[in-house]
Structures are given as C-alpha cells and as structure tokens.
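Asker: First, the structure itself, so that you have it in front of you.
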Amino acid sequence: MDPRYWPLYGLRIRTPRPELRLPELELLDDLASVAVGGVHAPDSLPFTVPWTDSAPDERGRGVFQHVLGSIANWSARDGVLSLAVLHEGKLVERQDLGAADFAVTGEVNTGSRLGPAHQGQGIGTEMRAAVLHPAFAGLGARTAASSAMTDNPRSPGVSRRLGCLPDGLQVAALRGAPVTLQRLRFDRERREAHRTVDVRIEGLDACREDFGG
Ligand SMILES: CC(C)(COP(=O)(O)OP(=O)(O)OC[C@H]1O[C@@H](n2cnc3c(N)ncnc32)[C@H](O)[C@@H]1OP(=O)(O)O)[C@@H](O)C(=O)NCCC(=O)NCCS
C-alpha cells in the first residue's frame, strides 16, 4: 500500500528480532485470531478493561474493531498507535503507544501484549524499546509512563530493564472491585543511560505531522 494518505502505514520499527508496523486488514484479522486463542492464563487478568472475558469469537471481533477504530480515530491530540509486532515473519501480538496532547506534554504511554508462546524470551523488552525510540529520538518525547497490576511482574520487569523508575501506585476498578497498579516512568536521560536495544526506524519523517510536529 502506498502510505501517501496515511503516512503511519509507512512506519517500520525494527529491533534485532521484532518488527513493528501499523496493521492493515490482513494483520488485523491475525490480531483478532491471536485474541481468540487467548493472551493470558485463564485464572489471571493483566488488563484494567476485562476485554478477554467475552466469548472467543466476540473477543476477536472486538479486537478487530478496537484496533481499526484506533487507526481511524488517530489524532496527534489524543491517539493510540496500536502496532502489530512480527517476529520471524509471524504476528506475535501488539505494542501500543499512546499520548494525549503530546505536542504540549511531551509524554507518551505504552501498553504491551504478547501471545503466551512468545512471552519470557525478551521480545517484550525489544518491542517496548522499539516503540519508545521514535517517540524519544524522533519526536522529542520528554517522558514515558506505563502501569501494570501489582500482581503482574512481567510488565514492570520490562519497564525496569529499560530503566524506568517506580512512580507511585494508582487504583482502578475492575469487575466492580479495586485493583492496584504500579506506575513506572522514565525521562530522556534515564532512557539514554539504559539503552541496550538497537532500534532502526523507517518512514518517520512523513509521520511528523501526524504526531503534531
Ligand atoms: C508483559 C509482556 C509484554 C512482557 O514481555 P516478555 O517478552 O514476556 O518479557 P521479557 O522476556 O522481555 O522480560 C522482561 C523482564 O521481565 C522479567 N520477567 C519475565 N517474566 C517474568 C515473571 N513471570 N516473573 C517475574 N519477572 C518476569 C524478565 O526476567 C525480564 O527481566 P530481566 O531481564 O531483568 O530478567 C508479556 O509477558 C505479556 O504480553 N504478558 C501478558 C499481557 C500483559 O501482562 N501485558 C501487560 C499489561 S500492563
């Protein structure tokens, strides 16, 4: 596809292993299928929105619609870039980069998920490092934040490995009950001091306007 009307489709972010890109229809269908197969153990829920509670087909449809909606509704003011993550030519799941009023706040946030077969092998660290690179190196982000349930050690594991520091706790409502999340955050200097993943970007210049640059 020629990305002239939607430059974000020309964005490619590569690390030694995964490649990240905005999903076109075929990859959206694959993302839905991964969601149908399940992305976490049935007895745990790592997300503050219980979207995995629904029946498998409904979940797949929901993911398709949600990601397609994030593409259609993208704006520099309040957008979430949901990127498909590919490893060895196969979809392994999704890495989100979000921001509200990025041009003013200079802050981005991230959300990550990997299919169970791909967890615990360092891919989560590479894909988070990948999505943060254009934010800091290309778009001038000043800080990046993420949060994870206090009973989910993997996500903060990625954050710590990249140099994030604890940034307090927050409480959210999940299925009518309170859950506690650990916030983590880092700034440009801290990120630079902890950079271990080699990241290459293609197509960023054409996207600057999409990020309010
Ligand atoms: C969170 C997620 C993206 C992390 O990706 P990953 O590839 O599994 O993580 P990595 O292999 O890169 O590991 C990163 C760090 O976490 C640590 N870690 C991984 N699994 C862990 C576990 N079960 N318990 C404690 N630490 C763990 C690793 O040891 C590593 O730290 P280290 O380098 O200091 O040893 C992935 O596990 C996932 O998608 N989980 C399900 C969905 C989810 O929880 N999403 C986040 C919601 S906020």
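The values are calculated or read from the model by the stated rules, or taken from the named source; none is laboratory data. This structure is a prediction, so every number in the text was calculated from the model and none was measured. Positions of Cβ are backbone-derived with ideal geometry, glycine not excepted, and every protein chain shown enters the neighbour counts. All accessible areas refer to the heavy atoms of the entire protein, side chains included, with ligands and DNA or RNA removed. Shrake-Rupley method; radii C 1.70, N 1.55, O 1.52, S 1.80 Å.
Asker: Could you run through region 100-114 and say how many residues are surrounded by 19 or more Cβ atoms within 10 Å (Cβ to Cβ) and in contact (Cβ under 8 Å) with a residue 40 or more places away in the chain?
Answerer: The qualifying residues number 4.
Asker: Collect the residues in region 72-86 that are among the small types (Gly, Ala, Ser) and under 15 Å from the mean Cα position of the chain (by Cα), keeping them in residue-number order.
Answerer: If we filter region 72-86 for residues that are among the small types (Gly, Ala, Ser), which is where we start, we get 72, 75-76, 79, 82, 84.
Correct list: Gly79, Ser82, Ala84.
Asker: Follow-up. In region 113-127, how many are more than 6 Å from the ligand (Cβ to nearest atom) and farther than 14 Å from Gln95 by Cα? If you could, list the steps in order and put the result at the bottom.
Answerer: As a first pass, look at region 113-127 and keep what is more than 6 Å from the ligand (Cβ to nearest atom): 115-118, 126-127.
Okay, now just the ones that are also farther than 14 Å from Gln95 by Cα, so 116-117.
Selection size over region 113-127: 2.
Asker: For the list (1) within 19 Å of Val80 (Cβ to Cβ); (2) away from the ligand (no atom under 11 Å from the Cβ), I need the number of the one condition that Leu174 fails.
Answerer: Tallying (1) within 19 Å of Val80 (Cβ to Cβ); (2) away from the ligand (no atom under 11 Å from the Cβ), Leu174 fails exactly one: (1).
Asker: Where residues in region 35-65 are among the aromatic types (Phe, Trp, Tyr) and within 16 Å of the ligand (Cβ to nearest atom), which of them is least open to solvent (accessible area, probe 1.4 Å)? Write out each step before concluding.
Answerer: Filtering region 35-65 down to residues among the aromatic types (Phe, Trp, Tyr) leaves 47, 51, 64.
So of that shortlist, the ones also within 16 Å of the ligand (Cβ to nearest atom) come out as 47, 51.
Details: Phe47: 29, Trp51: 60 Å².
The selected residue is Phe47.
Asker: Right, another one. Take region 1-30 and flag every residue that is open to solvent by 10 Å² or more (accessible area, probe 1.4 Å), within 19 Å of Val63 (Cβ to Cβ) and under 15 Å from the mean Cα position of the chain (by Cα).
Answerer: The answer is Arg21, and nothing else.
Asker: While we're looking at this one, here's another question. Identify the residue in region 16-34 that is within 15 Å of the ligand (Cβ to nearest atom) and in a loop (DSSP other than H, G, I, E, B) and, among all such residues, is nearest to Ser112 (Cα to Cα). Break it down into steps so the answer makes sense when it comes.
Answerer: Pass one, region 16-34, residues within 15 Å of the ligand (Cβ to nearest atom): 16-18, 20, 31, 34.
Among the residues that remain, those that are also in a loop (DSSP other than H, G, I, E, B) are: 16-18.
On the way: Pro16: 18, Arg17: 16, Pro18: 13 Å.
Across region 16-34, the extreme among qualifying residues is Pro18.
Asker: Okay, next question. Look at region 143-152 and say how many of its residues are of a type in the set (A, V, I, L, M) and either open to solvent by 30 Å² or more (accessible area, probe 1.4 Å) or within 6 Å of the ligand (Cβ to nearest atom) (or both). Give the steps one after another, and end with the answer.
Answerer: Here is the first cut: in region 143-152, the residues of a type in the set (A, V, I, L, M) are 144-145, 148-149.
Still in the running and either open to solvent by 30 Å² or more (accessible area, probe 1.4 Å) or within 6 Å of the ligand (Cβ to nearest atom) (or both): 148.
Residues that pass the stated criteria total 1.
Asker: Check region 177-188 and report whether any residue there is within 30 Å of Trp51 (Cα to Cα) and free of Cβ contacts under 8 Å to residues at least 24 places away in the same chain. Don't jump to the end; show me each part of the working.
Answerer: Just the residues of region 177-188 that are within 30 Å of Trp51 (Cα to Cα), to begin with: 177-186.
Adding the requirement that they be free of Cβ contacts under 8 Å to residues at least 24 places away in the same chain leaves 177-178.
Yes, because at least one residue in region 177-188 is within 30 Å of Trp51 (Cα to Cα) and free of Cβ contacts under 8 Å to residues at least 24 places away in the same chain.
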